[in-house]
Every structure is written in structure tokens, then in C-alpha cells.
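Chemist: Below is the structure I would like to discuss, written out as C-alpha cells.
Any read-out appearing in this document is the output of simple, stated calculations on the displayed coordinates, not a laboratory observation. Only a predicted model underlies this, so the values are computations on that prediction, with no experimental measurement involved.
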Amino acid sequence: MNRISDRAVVQTHNLGENVVIHDFVVIRPGVIIGNNVVIHPHVVIESGVTLADDVEIFPGTYIGKVPKGAGAIDRVPEFEARVEIGTGCCIGPNAVIFYDVRIGNNTLIGDGASIREKCIIGSHCVIGRHVIVSYETYIGDQTKIMGLTVITGKTYIGNNVFIGPQVGTANDNAIGRLDYDENKIKGPHIEDNVSVGLCALILPNTRIGKFSILGAGTVVTRDVPERAVVMGVPAKVIRFLGSGEE
């Protein structure tokens, strides 16, 4: 049996079983909600959003935001008006998920996180508190990104990656001084099983090889080989991991 507050605005009829919708929630027409979903107060869900079974969304979250440049950015946002959130996901308070996002099963989106358009996030991931995931980013399965990290647009992150708190990434070697050129904007490519330490900085179009480790505060200006341990400013290879050390 569903429990829907009299003070919620629910404009969709696509509700599963055992759905709980609290006060002051706004759900637009065409939203699809699975079974055993809990939506806490002051959540807004726009048309085109699909929530699978066992999803919980905490207060103040906005799902289905339209990306707008407001005439202030050179890039023209492109998107499809859809969001797919997988089974068992938990979306923390005040998170903002833009249109054209797909999130796998059993993934946690932390408080105040922002997920921009044309992003794919895998299953069993953690996107920490106030993490920014910018446009056209791919994140694989079982990857954890800790709080206050910024993942720049057009970044690739593989499976089973750990990225520590306050890590910064960049996608523009011109530092915004030139007009936007799609062919020159490219974030880092971080392969599977990489570990990135606290406050590391990863510069544009760098490739971080499998099983490598980036020490805290490292500034990566060039590609990092597989199984390398790098530290320093700029990053230098300290050693390579042997078999069984990863």
C-alpha cells in the first residue's frame, strides 16, 4: 500500500507498490517510480525520470534539472530529458541531478552532490558529499569519489577506482582564456583500480594507468604508467608495484 502525503504534488500515475512520498514533494507527469521507494520532503522530480525499486531520496534533492548556459558560457549544453536511477540507490539531501544522467544499482550519491548532463555512473559507487561531476563523464562500477572533489567535464574513470577528498581535475590547458573548442577540451582518463590521494591535482588529457597510486598533493602533468607510485610537484615515479601489491 502506498503512503502519499496530502501535501505532496504527485502528477504521475506510474507508481509501484509500497511507495512512500512525504510532505511538499513535487513529482511531474511521466515520472516512473518502482516498488519500495521512499521520497523525503521537499524533493522535486521532473518528467522523464525513472526510479527503480528500493530507491531512497532525501530532502531537498532536485532530479531532472535542465542545464542552462544563461549566456555566460561558450559551450551550448546538449541533453535528453531523461534520468535513470538504478535499484537500491540512495540520493543524499540537496543533491542536484541534471537531465541525461544514468546511475547504476546500489550507488550512493552524497549530500549536496551535483551530477551534470550526459553522465553515466556505474553500480555500487560512492559519490561523496558536495562532489561535482561535470558533463559527459563516465564512472565505472565500484568506484568511490570522496567529498569536495571536482571531476571536470569529459573525464573517464574506470572500475574500482578510489579518489580521495578534495581532488581536482582539469580539462582545458588554456585555462579558459580561449573560446570553447570541443576538440581541445578533454579531462583525465583514469583506468581501473587506481588510487588517488588527498588533494591531488590531475591536469587535462592525462592517462592514469591501471593499479597506479597518486600520493597526496601530487600534481599530475603527464601520463602515469600502470602500477606506478607517483608523488610530488610535478609527479615523479617513486617505484612500481609488484604482483600482489595492488
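Chemist: Return one quarter of the surface area of the convex hull spanned by the alpha-carbon atoms of the stretch 170-246, equal to its mean projected area, in nm².
Modeler: Average of the hull's projected areas for the stretch 170-246 equals 5.2 nm².
Chemist: How large is ³J(HN,Hα) for each residue in the stretch 220-225, as worked out from phi by the Karplus curve 6.51 cos²θ - 1.76 cosθ + 1.60 (θ = phi - 60°), to whole Hz, x for Gly and Pro?
Modeler: Listing the rounded values in order: 8, 10, 8, 4, 10, x Hz.
Chemist: Another question, then. Just to be sure I understand the curve: with the Debye formula and one point per C-alpha of the chain, what is log10 I(q)/I(0) at q = 0.07, 0.09 Å⁻¹?
Modeler: -0.26, -0.42
Chemist: Taking the chain, how many lysine pairs are there with alpha carbons less than 20 Å apart, if each pair must be eight or more places apart or span two chains?
Modeler: Lysine pair count for the chain: 15.
Chemist: Pick from D111, D74, D100 the residue whose mean-square fluctuation is largest in a GNM of the chain, springs joining Cα atoms under 10 Å.
Modeler: D74
Chemist: Take the stretch 96-159, compute every pairwise Cα distance, and split them into 5 Å bins from 0; I just need the percent in each bin.
Modeler: Taking every Cα pair in the stretch 96-159, the percentages come to 6, 21, 33, 34, 7.
Chemist: I would also like to ask the following. Say we join alpha carbon atoms closer than 10 Å with springs in a Gaussian network model of the chain; which of E226, E56, E80 then has the biggest fluctuation?
Modeler: Maximum fluctuation in the GNM of the chain, among the listed residues, is at E80.
Chemist: Kindly provide the pair-distance distribution of the stretch 1-89 built from C-alpha pairs, with 10 Å bins from 0 and whole-percent values in order of increasing distance.
Modeler: 18, 50, 21, 10, 2
Chemist: Running a GNM on the chain with Cα contacts under 10 Å, which residue among A200, A174, A70 ends up with the highest mean-square fluctuation?
Modeler: Among A200, A174, A70, the largest GNM mean-square fluctuation belongs to A70.
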